[in-house]
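Heads up: the structure comes next, in structure tokens.
The values are calculated or read from the model by the stated rules, or taken from the named source; none is laboratory data. A quick note: this is a predicted structure, and the numbers were derived from the prediction, not measured. Cβ coordinates were reconstructed from backbone atoms using ideal geometry, including for glycine residues, and neighbour counts include every protein chain displayed. Heads up: the accessible areas ignore ligands, DNA and RNA and are worked out on the full protein's heavy atoms, side chains in. Shrake-Rupley method; radii C 1.70, N 1.55, O 1.52, S 1.80 Å.
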Amino acid sequence: MGLLLDSFWRAAAYCMRPRVIVLSMIPLLLMAALGLALSYFYWDAAVQGMRALLEASALLSSFWGRLQSWGLGDVTAVMAPLMVGVAATPVLVVLSLLIVAVLMTPALVAMVAQRRFPALERKKGGSFIASVAWSLSSTVLALVALVVSIPLWLVPPLVLILPPLIWGWLTYRVMVFDALAEHASKEERVELFRRHRSSLLGIGIVTGYLGAAPSIVWASGALFAVAFLVLIPVAIWIYTLVFAFSSLWFTHYCLAALQRLRAETGGAGATLAVVPADEGTSAVSAAADQVGASQAPAQLAPKLPAPAPSHGVSPP
């Protein structure tokens with residue numbers, strides 16, 4: 001628990017650094033460019049398709065007609081773009097996580113390691129390609145879990161539990177691998193996963209609930225359609241900052257846990273340390289002295305020199 005809280009407040013303090021804030025803006029700029037490109041080519045088609053989908057249902061058509069009779073005008077013309085934006089939310093979240101994992105996490109890990117763990121050996125147990133493959137496979141599993149669990153969202157308590165749990169599991173999988181990829185070996189990473197699985201999953205769940213905070217911004221965009229285009233970048237930036245905080249929290253925790261693990265294994269294996277070649281002679285001499293010190297006292301008594309030969313003269 002001490003390591004959990006220590007890494008939490010350190011991550012929160014690092015989020016105030018100008019470098020972290022600037023890094024959190026980079027994914028926003030990339031996603032804004034991607035969103036503008038997709039909107040330029042596919043926005044009209046997506047809105048028309050959503051409007052046709054809303055008008056295809058007989059139940060919804062009667063509902064839209066009732067709203068129009070109350071003087072609200074063409075409701076589907078307003079609801080269609082909003083529904084397209086809401087439907088794009090999971091895609092934006094996934095892209096935010098992947099962009100943060102690929103671009104931000106290595107920079108944040110390097111910053112934490114340089115400032116707090118400069119002497120920690122880098123064993124490079126995970127390559128960039130392995131990190132991308134791990135992130136993509138974990139994301140696919142999380143999306144499958146989201147799709148399968150959608151019917152359970154109709155149960156009021158589960159809609160507040162399942163999505164944050166899934167996002168927390170995804171964050172835990174992606175962030176832990178990236179935090180340890182540079183410094184830990186594969187064996188050390190597996191051991192840390194085994195020892196700290198519950199704590200790391202708890203961090204993922206907490207950050208998963210924090211990632212649900214921008215949903216308030218999305219809801220405000222649905223209520224205030226005029227500000228929707230302004231609130232979309234704000235929500236994405238909040239998502240990105242939450243992911244940056246998650247990355248920092250996992251990095252502080254994992255590197256501190258790795259340092260403790262190496263201290264334990266180093267202390268246990270001190271007697272197995274290899275003696276350098278240039279110190280071999282002195283080490284062997286010291287070992288021989290220690291062995292000699294453990295012998296019986298009689299063996300330690302100095303031997304008197306033998307008497308000189310008498311050259312054939314017998315003693316009196």
For segment 121-183, what does the relative contact order come out to in percent, with C-alpha contacts under 8 Å and a separation of six or more?
65
GluC sites (Glu not before Pro) in segment 111-191 lying in a DSSP loop, each with at most 16 other Cβ atoms within 10 Å of its Cβ, come to GLU121
Arrange the peptides 149-159, 252-262 so that the one whose residues have, on average, the most other Cβ atoms within 10 Å appears first.
252-262, 149-159
Quick one: pull the percent of accessible area on segment 132-179 belonging to carbon and sulfur, 1.4 Å probe, ligands and nucleic acids left out.
90
For labels at LYS186 and PHE41 in the simple 7 Å Cα→Cβ model, what's the distance in nm?
3.8
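Between PHE128 and ALA32, what is the FRET efficiency for a Förster distance of 30 Å, r being their Cβ-Cβ separation, to the nearest 0.05?
The value I calculate is 0.75.
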Using a 10 Å cut-off on Cβ atoms, rank the peptides 103-110, 17-24 from the highest mean neighbour count down.
103-110, 17-24
